[in-house]
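**Student:** This is the structure I have questions about; it appears just below.
The values are calculated or read from the model by the stated rules, or taken from the named source; none is laboratory data. What you see is a predicted model; the values in this text were computed from it and never measured. Because the Cβ atoms are built from the backbone with ideal geometry, glycine has one as well, and the counts that use them run over all protein chains shown. Each accessible area value is taken on the protein alone, full model and side chains, heavy atoms only, with ligands, DNA and RNA left out. Shrake-Rupley method; radii C 1.70, N 1.55, O 1.52, S 1.80 Å.
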Amino acid sequence: MEITKQTAVDDVLKGYPVLTRVFIEFGLPCLVCGEAFWGTIEELAQQNNVDPENLVKKLNEKRHEINEKI
């Protein structure tokens with residue numbers, strides 16, 4: 001699953017729960033406070049003043065590392 005700006009946050013977390021750490025590293029608090037976010041990565045990033053391109057890049061890097069270990 002290639003992650004893009006249009007990928008739903010929920011889909012990312014269902015497919016790769018460990019990627020929660022990346023969202024936390026970017027200061028996206030909705031994932032740690034229990035408040036669900038049902039939008040896209042781009043929407044979440046924009047609402048929290050995070051560069052969506054950098055977020056997607058980091059998510060895909062970590063996803064690739066995970067896939068290599070499997």
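**Student:** For every helix of n ≥ 4 consecutive DSSP H residues, a contribution of -39,500 (n - 2.57) applies; sum these over the chain, divide by its total residues, and give [θ] at 222 nm rounded to the nearest 500 deg cm²/dmol.
**Tutor:** Counting only the DSSP helices, I get -15500 deg cm²/dmol.
**Student:** What is the magnitude of the charge dipole of the chain about its Cα centre, with +1 placed on the Cβ of each Lys and Arg, -1 on the Cβ of each Asp and Glu, and no other charges, expressed in debye to the nearest 20?
**Tutor:** Charge dipole, the chain, about its Cα centre: 200 debye, nearest 20.
**Student:** Here's another thing I want to ask about it. In the chain, carbon and sulfur make up what percent of the accessible area (probe 1.4 Å)?
**Tutor:** Of the solvent-accessible surface of the chain, carbon and sulfur hold 49 percent.
**Student:** Can you give the angle from 0 to 90° between the axis of helix 52-69 and the longest principal axis of the chain, with both taken from C-alpha atoms, to the nearest 10?
**Tutor:** The two axes meet at around 30 degrees.
**Student:** Mind checking the per residue accessible area of the chain for me, 1.4 Å probe, whole number of Å²?
**Tutor:** Per residue, the chain has an accessible area of 63 Å².
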